[in-house]
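The values are calculated or read from the model by the stated rules, or taken from the named source; none is laboratory data. Being a predicted model, the structure only gives us computed values, none of them experimental. All Cβ positions, even for glycine, are placed from backbone atoms using ideal geometry, and neighbour counts span all protein chains on display.
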Amino acid sequence: MRILLDTCTFLWISVDSPKLSKVARSAYLDVANEVFLSVASAWEINVKNGIGRLPLPMPAERFVADVRRRHQIETLPIDEESVLAIGRLEKLHRDPFDRLLVSQAIVHGMLLLTPDPLIAQYPARQLW
């Protein structure tokens, strides 16, 4: 299975947070699954860290790369098809980063690992 991590899920994985559900933890640890972090999430982390809303133990560029490497998480680039598909989504969620993640999950047939109840209203496959 191909799994796309929500930004908060990635951050919780980085610190082995108890906020991760057992189902989510099992899914991302299952070696049979391919786990991805969208470039949109790396962008969100960098933006929020830069404005002081997300303190990190090191610069964002090192943090994201380090966590991805330690947890064998692949990068999912932002592609034109996913960006344009956002326009077909209902306006249920105002966060542009989350809307892009939903779009990428749909376009690429991925399972989105997220606790966000607003995202659960979209037709993307989700797990938590």
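Looking for something free of Cβ contacts under 8 Å to residues at least 60 places away in the same chain, surrounded by fewer than 17 Cβ atoms within 10 Å (Cβ to Cβ) and basic (Lys, Arg) - is there at least one such residue anywhere in the range 105-127? Scanning the range 105-127, I find at least one residue that is free of Cβ contacts under 8 Å to residues at least 60 places away in the same chain, surrounded by fewer than 17 Cβ atoms within 10 Å (Cβ to Cβ) and basic (Lys, Arg), so the answer is yes. The lone criterion from (1) within 15 Å of the chain's Cα centre (by Cα); (2) surrounded by fewer than 21 Cβ atoms within 10 Å (Cβ to Cβ) left unmet by Ile86 is number (1).
Is it the case that Val35 is of a type in the set (A, V, I, L, M) and more than 20 Å from Arg125 (Cβ to Cβ)? No. Close contacts from the range 29-56, counting a first residue that is of a type in the set (Asp, Glu) and a second that is part of a loop (DSSP other than H, G, I, E, B), with Cβ to Cβ under 9 Å and a gap of 6+ residues or different chains, come to Asp30/Met1; Glu34/Met1; Glu34/Met110; Glu44/Leu54; Glu44/Asp95.
Per-residue answers, yes or no, for (1) in contact with a strand residue (DSSP E or B) (Cβ under 6 Å, 6 or more places away or on another chain); (2) under 17 Å from Asp95 (Cα atoms); (3) not basic (Lys, Arg):
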| position | (1), (2), (3) |
| --- | --- |
| Arg2 | yes, no, no |
| Val31 | no, no, yes |
| Asp66 | no, no, yes |
| Ile78 | no, yes, yes |
| Ala85 | no, yes, yes |
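What are the residue pairs meeting all of these: first residue in the range 79-104, first residue touching a residue at least 60 places away in the same chain (Cβ under 8 Å) and within 16 Å of Leu118 (Cα to Cα), second residue assigned to a helix (DSSP H, G or I) and aromatic (Phe, Trp, Tyr), Cβ atoms under 9 Å, and 6 or more apart or on different chains? As it stands, the answer is Phe97/Trp43, since those pairs meet every condition given. The condition of being under 26 Å from Tyr122 (Cα atoms), modelled with pLDDT of 95 or more and out of contact with any Gly (no Cβ under 8 Å at 6 or more places or on another chain) holds for only one of Asp66, Asp6, that being Asp6. For the range 96-103, the criterion of being surrounded by fewer than 16 Cβ atoms within 10 Å (Cβ to Cβ), modelled with pLDDT under 95 and within 13 Å of the chain's Cα centre (by Cα) is met by at least one residue.
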